[in-house]
Every structure is written in structure tokens, then in C-alpha cells.
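*Asks:* Dropping the structure in here first, questions after.
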Amino acid sequence: TTSPTEKLEVAGTVKIAGGSGTAHLILAGDQDNADDTGQTDSILDFSHDNGVGGFRLSSQNHAANQSAFDISVNENGVYTSRVNINKDGNVGIGTATPSTRLHIKGSGTTSSTASLRVENANASASLVIFDDNQVRFSEGGQTKLQLHHSGSGLTTPVLRLANGPNLGLIFKGLTNTP
């Protein structure tokens, strides 16, 4: 470009090649780790639509020698964390503070929003955890096992097993009292 706005601005394609070895791109943010808890040290942005959309990869310093890696999405110029890996290797989806190896935070509180879906290759069988406290195992489009908690009295259904017309088992009306 003939009028750069940054120290290095390239209009067009940039290629980094390692010749006969591996090519490296190093983004080195803060070098001294002094008084930078919570500071983002390195950022790589993938922008589109004039900066109002895209993704961001960043390295963050949560405390001395305790880095985290974050993937954020840019929606209308605002970055929101979607995936976070902390210093312990815990992965957070929907949370920037994962407390277990895989910590998934749902996006709602109804059966129309799911926090986790695991399907086989042709999507004929699935395990789904919904944001309203339901867990469902399905096969062939039919619910085969459903666990559900609804309200303080553990009301209908708590457990439902189904196997076509041959087996149906539903526990209803249970309370918290043993």
C-alpha cells in the first residue's frame, strides 16, 4: 500500500516459507511478565466486512507463567470468547474460565438450546444435553432414554425408557424426599 496506517502493512498476499525446514511466525507480546495479569499478550485477527466480523486468536496472561489461549468471534466489532484453553489444559466452550478438562456452558435455559450433541456418522443416533436439564439418547429419530429434572419437586418425567412398542417405563411425581 502507498499509505500504510501500521508499522507494517501489506496489500496482497504474504508468504512465510522455511526453505527446507519449518516456517515460523512468532507473535511476541509482553516480554517481562511484570504487572500484566489479565493482559492479552499476542493477537492474530482474521477480519472481514471492514472489521465488523471475523475471528481472533489470542494468548493471554492470567498470572505469572499461567497463559491461556482464546478463540473469539467478532460480531459487529465486539469480540466474544467462544473457546478457551487455560494453563492446565482445561478447554472451555462458552466460558473463558474452564474448571474441568471439558467445560461447556450452554447458551440458554430451554429444550430448544443444546449444550452438547454427539452423533454417529450418519446422524441416526445421538446423545444430547439440553440447557433445560434434559439428557436424551435417540436413535432413528426416536427418544430411547430421557433423563429430565424440572422444578424443585423433580416432576415429570424424571426417567423415561422406550424401545418401540415393547418397552415403556416412566417414573413421575417423584419428590426430593427419599
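*Asks:* If you take the residues of the stretch 47-69 that are open to solvent by 70 Å² or more (accessible area, probe 1.4 Å) and at pLDDT 85 or above, which of them is farthest from Gly89 (Cα to Cα)?
*Replies:* So the residue we want is Phe55.
*Asks:* How about the stretch 70-106: which of its residues are open to solvent by less than 30 Å² (accessible area, probe 1.4 Å) and either within 8 Å of the chain's Cα centre (by Cα) or of a type in the set (D, E, K, R) (or both)?
*Replies:* If the condition is that a residue be open to solvent by less than 30 Å² (accessible area, probe 1.4 Å) and either within 8 Å of the chain's Cα centre (by Cα) or of a type in the set (D, E, K, R) (or both), then Asp70, Asn84, Gly92, Thr95 are the ones that fit.
*Asks:* If you go through the stretch 123-133, how many residues are outside any loop (DSSP other than H, G, I, E, B) and under 19 Å from Leu102 (Cβ atoms)?
*Replies:* So the first thing to find is which residues in the stretch 123-133 are outside any loop (DSSP other than H, G, I, E, B), and the list is 125-130.
Subset that is under 19 Å from Leu102 (Cβ atoms): 126-130.
Residues in the stretch 123-133 being outside any loop (DSSP other than H, G, I, E, B) and under 19 Å from Leu102 (Cβ atoms): 5 in total.
*Asks:* In the stretch 64-122, how many are basic (Lys, Arg), within 24 Å of His148 (Cα to Cα) and outside any loop (DSSP other than H, G, I, E, B)? First the steps, then the outcome.
*Replies:* Step one: filter the stretch 64-122 for residues basic (Lys, Arg), giving 82, 87, 101, 105, 117.
Then keep just the ones that are within 24 Å of His148 (Cα to Cα); that gives 105, 117.
Filter again for outside any loop (DSSP other than H, G, I, E, B), leaving 117.
So the count comes out to 1.
*Asks:* Does the stretch 115-123 contain at least one residue that is of a type in the set (A, V, I, L, M, F, W, C), free of Cβ contacts under 8 Å to residues at least 40 places away in the same chain, surrounded by fewer than 12 Cβ atoms within 10 Å (Cβ to Cβ) and under 19 Å from Ser72 (Cα atoms)?
*Replies:* For the stretch 115-123, residues of a type in the set (A, V, I, L, M, F, W, C), free of Cβ contacts under 8 Å to residues at least 40 places away in the same chain, surrounded by fewer than 12 Cβ atoms within 10 Å (Cβ to Cβ) and under 19 Å from Ser72 (Cα atoms): absent.
*Asks:* Oh, and also: In the stretch 67-94, what residues are within 23 Å of Ala114 (Cα to Cα) and of a type in the set (Gly, Ala, Ser)? I'd like the intermediate steps shown before the answer.
*Replies:* From the stretch 67-94, those within 23 Å of Ala114 (Cα to Cα) are 70-75, 79-85, 90-94; that's our starting set.
Within the stretch 67-94, Ser72, Ser81, Gly92, Gly94 meet the criteria.
*Asks:* What residue, among those in the stretch 1-38 that are in contact with an Asp or Glu (Cβ under 7 Å, 6 or more places away or on another chain) and open to solvent by less than 70 Å² (accessible area, probe 1.4 Å), is modelled with the highest pLDDT?
*Replies:* Among residues in the stretch 1-38 that are in contact with an Asp or Glu (Cβ under 7 Å, 6 or more places away or on another chain) and open to solvent by less than 70 Å² (accessible area, probe 1.4 Å), the one modelled with the highest pLDDT is Gly29.
The values are calculated or read from the model by the stated rules, or taken from the named source; none is laboratory data. Bear in mind that the values here come from a model prediction, so they are computed numbers and not experimental data. Cβ: placed from backbone, ideal geometry, glycine included. Neighbour counts: every protein chain shown. What goes into the accessible areas is simple: the full protein's heavy atoms, side chains included, and nothing from ligands, DNA or RNA. Shrake-Rupley method; radii C 1.70, N 1.55, O 1.52, S 1.80 Å.
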